[in-house]
1. All but one of (1) outside any loop (DSSP other than H, G, I, E, B); (2) over 28 Å from residue 331 (Cβ atoms); (3) without any contact (Cβ under 8 Å) to a residue 40 or more places away in the chain hold for residue 118; which doesn't?
2. Can we say residue 87 is out of contact with any strand residue (DSSP E or B) (no Cβ under 8 Å at 6 or more places or on another chain), at pLDDT 80 or above, surrounded by 14 or more Cβ atoms within 10 Å (Cβ to Cβ) and not assigned by TED's automatic domain parsing to the domain that holds residue 155?
3. Could you list, in sequence order, the residues of the range 220-270 that are closer than 29 Å to residue 325 by Cα, modelled with pLDDT of 75 or more and part of a loop (DSSP other than H, G, I, E, B)?
4. Of all residues in the range 218-254, count the ones that are buried (at least 17 other Cβ atoms within 10 Å of the Cβ) and over 21 Å from residue 181 (Cα atoms).
5. For the range 189-207, does any single residue satisfy the condition of being crowded, with 17+ Cβ neighbours inside 10 Å, modelled with pLDDT of 85 or more, touching a strand residue (DSSP E or B) at 6+ places or on another chain (Cβ under 6 Å) and part of a strand (DSSP E or B)?
6. Tally time: how many residues in the range 66-84 are in contact with a helix residue (DSSP H, G or I) (Cβ under 6 Å, 6 or more places away or on another chain) and either surrounded by fewer than 18 Cβ atoms within 10 Å (Cβ to Cβ) or not assigned by TED's automatic domain parsing to the domain that holds residue 35 (or both)?
7. Taking the range 336-361 as the region of interest, how many residues are modelled with pLDDT under 90, assigned to a helix (DSSP H, G or I) and more than 15 Å from residue 326 (Cα to Cα)?
């Protein structure tokens, strides 16, 4: 046996802390440490946790690949960087200080409305006028949006000076907001392909006040960074809803938050599939089976007011599937075409309407001209297409729900603590039975 000291350390990912009142506490500094004895992710997590517990340390991160740890701290509270090395040694790791740097304050973001720009030369002139100002880190001008986005240092230049520089260049300018951004996470339902996610992303990015937007088709989630002075969460939710998708705001990123939406989507497609199946199954049996049996075939071909009985029954069974069950696809197709895009809904709507309308035309023409050869009806084709697609949508929603739940449960298995065993100087090997 060996004598050992048992130390319990928190285990998990490094915290991402937003420190309020940093201006009052003083400008932070960054210390880069070379850490020895890192063997796994558990070791890096332990290093991050022990460093961040020190007074004055605002954030800590550790890289297993580079064997480095970076600590952001307040030099007014942590006056001696040797404390960082002592803390590492107490946790069982060797270390040395590589460098200490003063952290640079993040830039402010200003959004400005620039009018009277007519060509790329105008936008280039505005960018050059902004870039010439001291304190401006980056400036980008959109000719299409008639907008300029500027990253600048508040201590060096003010927003009024940015406006003045644009006006002196010969353009009208007005601020759109303070530039302070907020984040919103949305759970979006009804996206079936990459065209849908691209349409949602483009609509969000094109909205006034939206700084950036990204949509994940796999998780059915959208993350939006926006200017709260120019747009709010309600307008963003309404924007996505107007595109024909179901949407709800989430508390934050994660797979668990969208579980209710996925369950609702699963129930929706299950009901749609069962309703379509109730009409398409008898239509399939009549068109593909009974038509080839002598007795039922005579009944199907029975003349009723100049139309065959089978034609009337097929029309009656296919119409609810086409317009009630398939309304979701037709609505999505209309929304996509209105935006100048084509998606899976357009494909489904065009294909089913082609079969449905051709069948109606064949019935009407055959009623007027007795010699017309319609080559058969295709009501069952449109109905079965919608039925099988609803089944696919249901299976897709169920698979997404199981995958998300499995990942969420897997993340919950991460242990809260780990035990580090350190052998002391008296440790020695003992013979068996000793």
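The values are calculated or read from the model by the stated rules, or taken from the named source; none is laboratory data. Computed from a predicted structure; not experimentally measured. All Cβ positions, glycine included, derive from the backbone under ideal geometry; neighbour counts span all protein chains shown.
1. Single failed check for residue 118: (1).
2. Working: out of contact with any strand residue (DSSP E or B) (no Cβ under 8 Å at 6 or more places or on another chain): yes; at pLDDT 80 or above: yes; surrounded by 14 or more Cβ atoms within 10 Å (Cβ to Cβ): yes; not assigned by TED's automatic domain parsing to the domain that holds residue 155: yes.
For residue 87, the condition - out of contact with any strand residue (DSSP E or B) (no Cβ under 8 Å at 6 or more places or on another chain), at pLDDT 80 or above, surrounded by 14 or more Cβ atoms within 10 Å (Cβ to Cβ) and not assigned by TED's automatic domain parsing to the domain that holds residue 155 - is met.
3. 220, 243, 244, 245
4. Residues in the range 218-254 being buried (at least 17 other Cβ atoms within 10 Å of the Cβ) and over 21 Å from residue 181 (Cα atoms): 6 in total.
5. Taking every residue of the range 189-207 in turn, none turns out to be crowded, with 17+ Cβ neighbours inside 10 Å, modelled with pLDDT of 85 or more, touching a strand residue (DSSP E or B) at 6+ places or on another chain (Cβ under 6 Å) and part of a strand (DSSP E or B).
6. Residues flagged as in contact with a helix residue (DSSP H, G or I) (Cβ under 6 Å, 6 or more places away or on another chain) and either surrounded by fewer than 18 Cβ atoms within 10 Å (Cβ to Cβ) or not assigned by TED's automatic domain parsing to the domain that holds residue 35 (or both) within the range 66-84 amount to 0.
7. 3
Conditions (1) surrounded by fewer than 19 Cβ atoms within 10 Å (Cβ to Cβ); (2) assigned by TED's automatic domain parsing to the domain that holds residue 246; (3) touching a strand residue (DSSP E or B) at 6+ places or on another chain (Cβ under 8 Å); (4) closer than 16 Å to residue 380 by Cβ, marked per residue:
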residue	(1), (2), (3), (4)
273	no, no, no, no
278	yes, no, no, yes
281	yes, no, no, yes
291	yes, no, no, yes
295	yes, no, no, no
301	yes, no, yes, no
305	yes, no, no, no
324	yes, no, no, no
